[in-house]
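One structure below.
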Protein chains: 2
Amino acid sequence: MLIDKNLNTPLYIQLYENIRNLIEEDNFKEGEKLPSIRSLADKLDVNNITVVNAYKLLEQEGYVYSIKGSGTYVRKTGYNMDISYMEDGDIELMIGGVLPISKNSINFASVSPTPEIFPIEEFKQALIEVLNRDKGSAFVYPEINGYEPFRESITSFLHENYNMTVDKEQIQVISGGQQGIDIITKTLISQGDCIFVENPTYSGAIAAFQSRGAKIMGVPMLEDGLDLDTFYKYIKRYRPKFLYMMTNYQSPTTYSYSEEKKKKLIELSKKYNFYIIEDDFLTDLNYDNSKKTPLKSMDDLDQVIYIKSFSKIFMPGVRIGFMTVPQKLFKDIIRAKHTTDISSSGFLQRAFDLYLRKGYWKKHIETIKKVYTEKYNTMVEELDRLKKYDINFIKPNGGLSIWVKLPKEIDSIDLYNECVENNVALVPGKIFFIDDSIYSNYIRLSFGAVSNEEIVQGIKIVENYLRKKYNDDNNEYLPFV
Amino acid sequence: MLIDKNLNTPLYIQLYENIRNLIEEDNFKEGEKLPSIRSLADKLDVNNITVVNAYKLLEQEGYVYSIKGSGTYVRKTGYNMDISYMEDGDIELMIGGVLPISKNSINFASVSPTPEIFPIEEFKQALIEVLNRDKGSAFVYPEINGYEPFRESITSFLHENYNMTVDKEQIQVISGGQQGIDIITKTLISQGDCIFVENPTYSGAIAAFQSRGAKIMGVPMLEDGLDLDTFYKYIKRYRPKFLYMMTNYQSPTTYSYSEEKKKKLIELSKKYNFYIIEDDFLTDLNYDNSKKTPLKSMDDLDQVIYIKSFSKIFMPGVRIGFMTVPQKLFKDIIRAKHTTDISSSGFLQRAFDLYLRKGYWKKHIETIKKVYTEKYNTMVEELDRLKKYDINFIKPNGGLSIWVKLPKEIDSIDLYNECVENNVALVPGKIFFIDDSIYSNYIRLSFGAVSNEEIVQGIKIVENYLRKKYNDDNNEYLPFV
């Protein structure tokens, strides 16, 4: 066992990592006893407390358990939450990370990037520079609407990346995209107000709108944006406060709006006087040469409230994003933000500001696009093979998911359960629909958190299920295997 | 008029700013007509729509008004950010930092600590160690309820400091105390539900409860906790979902609960089945030997939801706190947190965790208590001098404010305005009361953000006002000066 006292990594962490690796590499039997604290400390010539801390960390992580007065024992089966009988809401929690997805699972459920592509070194530089530069001031309350230089950086970011012209006074910094939705909800929705959403859409937005008593109308999504015919019909009958939508690589459908539909939407929002809440977390991730821009870039009259999340294109744990605020709503939104959490961490705003100012952003986006392009191609290739089972999907050439339509005989919850048993996590499409009784034959497969190898393996599990289903149920059609 | 097409700032904003400056610098008379849209557009060689937008913005901001078919006219009396005529809500924004408190002001309005007492070096160490130890993992989504080792540290913190026994599974990490209030509100309040608060109380809590449509009953605060007689009467008539309260150094009154009243409250909460939301941000700051404990330390049946903020006793810009969660509400609170902002920054949770584990906390609290004790003594001494003007206050021996009762002839808003003119910011007591028509003769003077010298100077300004008032209005009583 290698413990190096010259390393920066604390000794107990080194020890923890060593033992964890040994357990993962099957060097222990289930229930095998670890050496006593004292004997291991002596052997490694470290303090008892180092071993205590390492064992504690192993226990926290589920690798060992301790029996008082007896010792510490290896746990190999680990914390096992039976995920095969979850409610829909639990699936969201699972995606959100509260309920565990087994560590060995191939995770097609998560849209989040994985740590190895985080720009840690650059962000660390920014963090340390902020600490040295601002000292205590880094930790005072920032303005409720956000640290002013950061709002300034954001306006440059918007201009450079999307040709969007917004004044820094129109920026409200938020603690991630979900908070933007929450603040809009508080500002604009009273009990019984009508709002429109794309159908299907992001379930976290629906939860926020519902919790405030909104009446929610779903407008079907087509491949070039929402269905304008239905939209017209609804808009004359109901007077929505706003439309909640995603312009590019919509979640879960992966569809993007045509330029024509974008123009139409802006026109309609003026004519019928409703806001458009544009939720953007993926616009930057195109894998072809057709760079997309947000709807907001077209908006010259403050009809669009643009919410930008960096969780998927930067790092989720930073919890900093922003939204644009129409002049008329400025005071209301400030009050809602204040009631929500006073302000977002000033320290992280300062660090992110510096990160943007140093021009690290462009390089980062190039790096992750390269990684994602490869994963995207792998997934599309694998799924193309499955077309013989009558599945269907469009190729979005961007984003982090593929939205798969299964043959209508297949219930996505069945497929989901089968996959869980084989350590593959995916999201049944149902949870994204407003009227979730129909549309049970969709699944969302995301490739943000999986490796190329996992994509190949995971899709095989899906294929096994499809093949079995076909052979069982559909004797007229026996696909070649 | 300067319009520069090469600037990043949109033309209409530039135009707006130009005209606004002209109006503010008295270049227009009240009611003077602005040039017509077309003539101004021609003259500046810009689009008509640019002028339309600039005029619209001016109107929104109260600088002009328009008469249909006639034109746009200058309004000089107009909406004027003159803070001597602010609404109560604006005062909150001012305290919150959105509306400016003049930088030269002596700030008795803010309860926040100032940067020079932040434990920057120790926290920086923790931040860097986390970056080295966890690398990219520091920035993944943490569990919605919080990073597990951090929740563990919190349970140790609670045990050591308040003899409070809470399991790590009962901890929900939050982005500051206000978010705790927001999440409780979402979890427990539906339109029309009745809740009880101390009267006066924290206005940020009232704003959250009101925004959700709660019916709010205020129970008067006495020096040893809320008035139980009124409480009994109310509780029989209304069935409250919860009581929102602060056990130690209540804001704004600075009163602390007697042990007896604490016991009574717990009993009542069981008997009448309501939750007690205990908001704690000052318990740790006692300046005598009577160390206080939260109400939660007495609660063995999950009746008390304990919200802990570190903004006042650590650093506001970190935006990390926690709350305890009754088993029964666990799932609802997780969902509310998820809908609110997915999770609090995992990076900051990890750093704060390490900070606590390294035992820096105790030293920090000792340091700030020393600083605050001195300020507290200075302020009490200065205010003692003012007793000759019939002011009254208790000496809380803790916390960050003094709650001053003025003679009933004095309106705190008048005093507030007079102080603003002399660069002293304080908070008129009115904004803390539910029924704000009465109780206009209180002020809250906080000493967290001022130096000893500023305390002396600032109280002189208050004294000048009191003396003048007495000499003017009260000829029977001419205090010695």
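A few notes on this one:
- Identity of the residue in the range A:291-330, within 23 Å of the chain's Cα centre (by Cα) and among the small types (Gly, Ala, Ser), that ends up surrounded by the fewest Cβ atoms within 10 Å (Cβ to Cβ): A:Ser311
- A:Asn377 being out of contact with any Pro (no Cβ under 8 Å at 6 or more places or on another chain) and either modelled with pLDDT under 95 or within 13 Å of chain B (Cβ to nearest Cβ) (or both): no
- Flag if B:Glu381 is without any contact (Cβ under 8 Å) to a residue 12 or more places away in the chain and farther than 30 Å from B:Phe150 by Cβ: yes
- Selection from the range B:151-162 of residues that are in contact with a strand residue (DSSP E or B) (Cβ under 8 Å, 6 or more places away or on another chain) and within 11 Å of chain A (Cβ to nearest Cβ): B:Arg151
- Residue in the range B:302-322 that is in a helix (DSSP H, G or I), of a type in the set (A, V, I, L, M, F, W, C), under 30 Å from B:Glu374 (Cβ atoms) and in the same structural domain as B:Gly204 (by TED's automatic domain parsing) present: yes
- Take the conditions (1) under 24 Å from the mean Cα position of the chain (by Cα); (2) within 14 Å of chain A (Cβ to nearest Cβ); B:Lys395 misses just one of them, which is (2).
- Leading residue by the ranking (nearest to A:Tyr16 (Cα to Cα)) among those in the range B:104-141 that are within 7 Å of chain A (Cβ to nearest Cβ) and not in a helix (DSSP H, G or I): B:Val140
- Odd one out for B:Ser311, checked against (1) more than 23 Å from B:Asn145 (Cα to Cα); (2) touching a residue at least 12 places away in the same chain (Cβ under 8 Å): (1)
- Lone qualifier among B:Thr165, B:Thr201, B:Thr187 - being at pLDDT 95 or above and either assigned to a helix (DSSP H, G or I) or more than 9 Å from chain A (Cβ to nearest Cβ) (or both): B:Thr187
- Any chance B:Lys430 is among the basic types (Lys, Arg), without any contact (Cβ under 8 Å) to a residue 24 or more places away in the chain, over 24 Å from B:Glu116 (Cβ atoms) and in a helix (DSSP H, G or I): no
- Filter result (of a type in the set (Val, Ile, Thr) and either out of contact with any Ser or Thr (no Cβ under 7 Å at 6 or more places or on another chain) or surrounded by fewer than 24 Cβ atoms within 10 Å (Cβ to Cβ) (or both)) within the range B:179-238: B:Ile181, B:Ile184, B:Thr185, B:Thr187, B:Ile189, B:Ile195, B:Val197, B:Thr201, B:Ile206, B:Ile216, B:Thr230, B:Ile235
- Summed over the range A:168-179, residues that are more than 8 Å from every other protein chain (Cβ to nearest Cβ) and either assigned to a loop (DSSP other than H, G, I, E, B) or among the charged types (D, E, K, R) (or both) total 2.
- Members of the range A:209-268 that are touching a Lys or Arg at 6+ places or on another chain (Cβ under 8 Å), assigned to a helix (DSSP H, G or I) and away from every other protein chain (no Cβ under 14 Å): A:Leu228
- Number of positions in the range B:323-346 that are within 14 Å of chain A (Cβ to nearest Cβ) and in a helix (DSSP H, G or I): 13
- Screening A:Asn286 on (1) crowded, with 21+ Cβ neighbours inside 10 Å; (2) in contact (Cβ under 8 Å) with a residue 60 or more places away in the chain; (3) touching a strand residue (DSSP E or B) at 6+ places or on another chain (Cβ under 9 Å); (4) among the polar types (S, T, N, Q) shows it passes everything except condition (1).
- Just one of the listed residues (B:Ser102, B:Ser66) is farther than 23 Å from B:Ile434 by Cα and either modelled with pLDDT of 75 or more or in contact with a Ser or Thr (Cβ under 7 Å, 6 or more places away or on another chain) (or both), and it is B:Ser66.
- Filter result (touching an Asp or Glu at 6+ places or on another chain (Cβ under 8 Å) and assigned to a helix (DSSP H, G or I)) within the range B:433-459: B:Asn452, B:Ile455, B:Val456, B:Ile459
- The single residue among A:Asn145, A:Asn132, A:Asn104 that is over 21 Å from B:Ser137 (Cα atoms) and surrounded by fewer than 21 Cβ atoms within 10 Å (Cβ to Cβ) turns out to be A:Asn132.
- Output for the range B:460-479, where each listed residue is in a helix (DSSP H, G or I) and either at pLDDT 95 or above or of a type outside the set (Asp, Glu) (or both): B:Lys460, B:Ile461, B:Val462, B:Glu463, B:Asn464, B:Tyr465, B:Leu466, B:Arg467, B:Lys468, B:Lys469, B:Tyr470, B:Asn471
The values are calculated or read from the model by the stated rules, or taken from the named source; none is laboratory data. Being a predicted model, the structure only gives us computed values, none of them experimental. Neighbour counts run over all protein chains shown; Cβ positions are idealised from the backbone, glycine included.
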